[in-house]
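The values are calculated or read from the model by the stated rules, or taken from the named source; none is laboratory data. Just so it is clear, the model here is predicted, and its values are computed rather than measured. Note that each Cβ is placed from the backbone with ideal geometry, even for glycine, and that neighbours are counted across all protein chains shown. Areas reflect the complete protein model, heavy atoms only, side chains present, ligands, DNA and RNA absent. Shrake-Rupley method; radii C 1.70, N 1.55, O 1.52, S 1.80 Å.
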Amino acid sequence: DASLALARQSIGKLLTGWFVYRACSSAGLVRMAPRLLQAFARLRVAWMSNAVVRRTFFAWFCAGEHEREIVQTMRQLKEAGIGSILDFSAEADLPEGETEGAAGRAHANVKADAFAKEYFHGMHMASQVAQAFAAVKITGLADPAVLYRLSAGQAALQQAFAAADADGDGRVDFAQFRDGVLAAMPGGGRVASASGLFAMVDGDSDGQVDWVDVQMALGMDNPLARPLYLRTGTGPGAIESDVEDYERLVARARAVVQQAAAKGVRVMVDAEHTYFQPMIDHVTHVLQREFNGVGATLVFNTYQMYRVDALQRLRSDTERATREGWRFAAKLVRGAYMELERTRAQTQGYASPINATLQDTHDLYDAGVRFLMQRIASSQTAGQVPPALFVATHNRESICRALGLVRSLRIDTAAEPVMFGQLLGMQDATSYALARDGLPIYKYVPYGPLDEVMPYLVRRAQENSAVAAAIREEAASVMGEIRRRL
């Protein structure tokens, strides 16, 4: 029932929403949008396009630029029974120029420090509304080029393990570890004692290790494992200064989460491009191990279920949480960088990390929800603290299936082991209906300077354009409310 959400909007806001939805339903306009914005910038009249975007897409999809209007948006949602995930929506990607020099590195670290300060401010704003979340992008806390090089090493480790596991049983012995895993790493030749490193990974001393063992023991947080990721000469891999920048990254991320803990704010670490994700996952695991004590879920990781390996990652990470003794917390999304990922894979000649069909993504999303719901139900039955699941989707069928699992598995949602979420300005009717029925529901509330938020707004337009029928339905609902008012 769209009126649940629309009745709270002014006629001016409704007209803005109708225009935005109609614009998003034009696939041609959405495709042209990035080029149009670039053209305005080249002609030095970006102020014209910015003025239009500010009064339309920005006004509909974002809470604002200043604390007063941002907090006001969060409070209005809370009055309707909807929580907030406050998100500084600036995004970072690989730079076009060289960043390995001292000047480029210094600039990147100054920028990362500024991002951390903005996240501190975000924690302060989020704390003004009870039970709020704040989103964090790891790419904002380090030079993206450093994350890229370190992620490449993490990805190489997983690929080497998969190749060494010749029989596919998920385990490798010492010979396979030495000749298949270590030999394939950029800094594999730096290892003084392969047997000593294997003994460190093989915690139960049974002569075999699995991927979770390797992940736990050979991450960048282990100084003894760091040489594996360092390249020799001009080959692939990290450089010496990346180790120091990694330490700075973790220090910034830890300080942000400490601030969140002090303010009573929970943290959602966003998923980003696949070529950054291995390092994002690693840093998030470091934070979860430190802060997600039993009974106090503080840090959520995000899983993009349009990835081919999404369910496998979800399973291995829950197993890691069990072994290391921290509470697993995950937000499941379908994904937001599909066109970029597919184009990059085609251009650079590697297999696309994205599912071949939309139905494959639907199936993986529902399988991930079902997997975690079953773990939550079994934990509650056993009187244990369950994992935490955030079902972040605009797909009504997925929401209905998730609600069906909550009922059939008799999951108690009072302590929010299961939560639902949608983006501000999207599927509002669904959000308000969930709130009406007393279910834990949150809106992702973006904010920030318009120039910084522009890539986010373009992606929102593209996402809406991809579901034209649904967006036309949204536009019709808004126009229906406008007619009713008139």
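Of all positions in the stretch 193-200, at least one carries a residue that is open to solvent by 60 Å² or more (accessible area, probe 1.4 Å), out of contact with any Ser or Thr (no Cβ under 7 Å at 6 or more places or on another chain) and more than 23 Å from D317 (Cβ to Cβ). The residues on offer are T343, T318, and the sole one that is among the β-branched types (V, I, T) and without any contact (Cβ under 8 Å) to a residue 24 or more places away in the chain is T343. So for the stretch 249-267 (the condition being in contact with a Ser or Thr (Cβ under 6 Å, 6 or more places away or on another chain) and charged (D, E, K, R)), does at least one residue qualify? Within the stretch 249-267, one or more residues are in contact with a Ser or Thr (Cβ under 6 Å, 6 or more places away or on another chain) and charged (D, E, K, R). Among all positions in the stretch 375-385, there is at least one residue which is under 30 Å from A414 (Cα atoms), at pLDDT below 95, touching a Ser or Thr at 6+ places or on another chain (Cβ under 9 Å) and of a type in the set (A, V, I, L, M).
Residues are listed down the side, and each one gets a yes or a no for (1) assigned to a loop (DSSP other than H, G, I, E, B); (2) within 26 Å of the chain's Cα centre (by Cα); (3) modelled with pLDDT of 80 or more; (4) surrounded by fewer than 17 Cβ atoms within 10 Å (Cβ to Cβ):
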{"residue": "K13", "(1), (2), (3), (4)": "no, no, yes, yes"}
{"residue": "V20", "(1), (2), (3), (4)": "no, yes, yes, no"}
{"residue": "A23", "(1), (2), (3), (4)": "no, no, yes, no"}
{"residue": "L36", "(1), (2), (3), (4)": "no, no, no, yes"}
{"residue": "V53", "(1), (2), (3), (4)": "no, yes, yes, no"}
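K111 versus (1) charged (D, E, K, R); (2) farther than 24 Å from V250 by Cβ; (3) in a helix (DSSP H, G or I): which is the lone unmet condition? Result: K111 fails condition (2) only. Would you call Y246 within 29 Å of T322 (Cβ to Cβ) and modelled with pLDDT under 95? Criteria not met by Y246.
Once the stretch 218-242 is narrowed to residues that are hydrophobic (A, V, I, L, M, F, W, C) and crowded, with 18+ Cβ neighbours inside 10 Å, the residue that is nearest to G180 (Cα to Cα) is L228.
Only residues that are over 22 Å from the mean Cα position of the chain (by Cα), of a type in the set (D, E, K, R) and open to solvent by less than 40 Å² (accessible area, probe 1.4 Å) were counted across the stretch 144-186, and they come to 1. Does E416 satisfy the criteria of being in contact (Cβ under 8 Å) with a residue 24 or more places away in the chain, surrounded by fewer than 22 Cβ atoms within 10 Å (Cβ to Cβ) and more than 23 Å from L86 (Cβ to Cβ)? The answer is no for E416. Of all residues in the stretch 182-199, those that are closer than 18 Å to S151 by Cα and not in a helix (DSSP H, G or I) total 3.
Taken residue by residue, the stretch 161-178 has no member that is of a type in the set (A, V, I, L, M), under 22 Å from V243 (Cα atoms) and modelled with pLDDT of 90 or more. Scanning the stretch 183-197 for residues that are in contact (Cβ under 8 Å) with a residue 40 or more places away in the chain and not hydrophobic (A, V, I, L, M, F, W, C) yields a count of 5. I'd like to check something: does the stretch 125-143 contain any residue that is under 28 Å from A330 (Cα atoms), part of a helix (DSSP H, G or I) and open to solvent by 40 Å² or more (accessible area, probe 1.4 Å)? No: zero hits.
For the stretch 203-217, filtered to residues that are open to solvent by less than 50 Å² (accessible area, probe 1.4 Å) and without any contact (Cβ under 8 Å) to a residue 24 or more places away in the chain, the residue that is farthest from A152 (Cα to Cα) is D213. Residues in the stretch 259-281 that are assigned to a loop (DSSP other than H, G, I, E, B), open to solvent by 20 Å² or more (accessible area, probe 1.4 Å) and either over 28 Å from A156 (Cβ atoms) or of a type in the set (S, T, N, Q) (or both): G264, T274.
Within the stretch 305-342, the set of residues being in a strand (DSSP E or B) and either open to solvent by 10 Å² or more (accessible area, probe 1.4 Å) or at pLDDT below 95 (or both) comprises R307, K331, V333.
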